[in-house]
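Asker: Below is the structure I would like to discuss, written out as structure tokens.
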Amino acid sequence: MTVVIVNTWLLNIYLLALNSNFTGSYSFQSAQQNQVINSVVSPVIYTTNMYTLNGSGKLSKHVRYEYEFGHSAYSIKPKNTGQTLSSTTISTSRNRLGLEYNIIKSLHLKSAAKNEVNRNSTGLHANYTFTDLGARYHLEKRKLDFQVDINNLTNIKAYQAAVLSNNTQSDYQYPLRGRNILVKVFFVF
């Protein structure tokens, strides 16, 4: 037996006075399924809750911003508390803020910061903050662009998170490139 309930709401607003666009959403999903474990049929309830909020616009003639927030929570719980199945919960929260500056016509700066928190009921608690900076300069007479990007300023070298799928939790970890600087030259013809 499978019972599924899905609800989703979305709101999009443009505020002319702030020269900004905001979008928010909420999604809820619940499903009940029977699982067979050691020849015993066990009803299990899966739930998902997701929230998002995004905003973008101009702070001034020369400065633009983008903001993103997201939170998701996944859980698997036995319907009856006397069952041998254990409950599992995974949640992830993300915040990102990006700013772009046009200082003068030929100089463009950008920055971004992202924070991510991953938690689960088996002990994972990972908190990451990533920061990137960049600059681009355009030489009109030479038709050249020079760009410098500095990525992962906080020098995080490993990322860990958990995934929940069909009553199975998988933890994964993978290496990241540490702090790095990338220099580019573009020729426009």
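Asker: Is it true that S91 is surrounded by fewer than 15 Cβ atoms within 10 Å (Cβ to Cβ), among the small types (G, A, S) and in contact (Cβ under 8 Å) with a residue 24 or more places away in the chain? Before the answer, list the steps.
Answerer: On the way: surrounded by fewer than 15 Cβ atoms within 10 Å (Cβ to Cβ): no; among the small types (G, A, S): yes; in contact (Cβ under 8 Å) with a residue 24 or more places away in the chain: yes.
So S91 does not fit the description; no.
Asker: Which residue is farthest from S87 (Cα to Cα), if the candidates are limited to the range 117-148 and must be touching a residue at least 24 places away in the same chain (Cβ under 8 Å) and under 15 Å from the mean Cα position of the chain (by Cα)?
Answerer: F130
Asker: Every residue in the range 102-136 that is modelled with pLDDT under 85 and touching an Asp or Glu at 6+ places or on another chain (Cβ under 7 Å), please.
Answerer: At the first step, the residues of the range 102-136 found to be modelled with pLDDT under 85 are 120-124.
L124 - this is the single residue of the range 102-136 that is modelled with pLDDT under 85 and touching an Asp or Glu at 6+ places or on another chain (Cβ under 7 Å).
Asker: Also, I was wondering about something else. Going through the range 70-87 one residue at a time, which ones are modelled with pLDDT of 85 or more, hydroxyl-bearing (S, T, Y) and surrounded by fewer than 17 Cβ atoms within 10 Å (Cβ to Cβ)? It would help to see each step written out before you state the result.
Answerer: Going through the range 70-87, the residues modelled with pLDDT of 85 or more turn out to be 70-75.
Cutting the leftovers down to hydroxyl-bearing (S, T, Y) gives us 72, 74-75.
Correct list: S72 only.
Asker: From Y14, Y46, which residue is assigned to a strand (DSSP E or B), more than 29 Å from L164 (Cα to Cα) and within 28 Å of the chain's Cα centre (by Cα)?
Answerer: Values: Y46 fails: more than 29 Å from L164 (Cα to Cα).
The unique qualifying residue is Y14.
Asker: Related question: Return the residues of the range 27-48 that are of a type in the set (F, W, Y) and surrounded by 15 or more Cβ atoms within 10 Å (Cβ to Cβ); say none if nothing qualifies. Walk me through how you get there before you give the answer.
Answerer: Looking only at the range 27-48, we keep the residues that are of a type in the set (F, W, Y), and these are 28, 46.
If the condition is that a residue be of a type in the set (F, W, Y) and surrounded by 15 or more Cβ atoms within 10 Å (Cβ to Cβ), then Y46 is the only one that fits.
The values are calculated or read from the model by the stated rules, or taken from the named source; none is laboratory data. Computed from a predicted structure; not experimentally measured. Cβ atoms come from the backbone with ideal geometry, glycine included; neighbour counts cover every protein chain shown.
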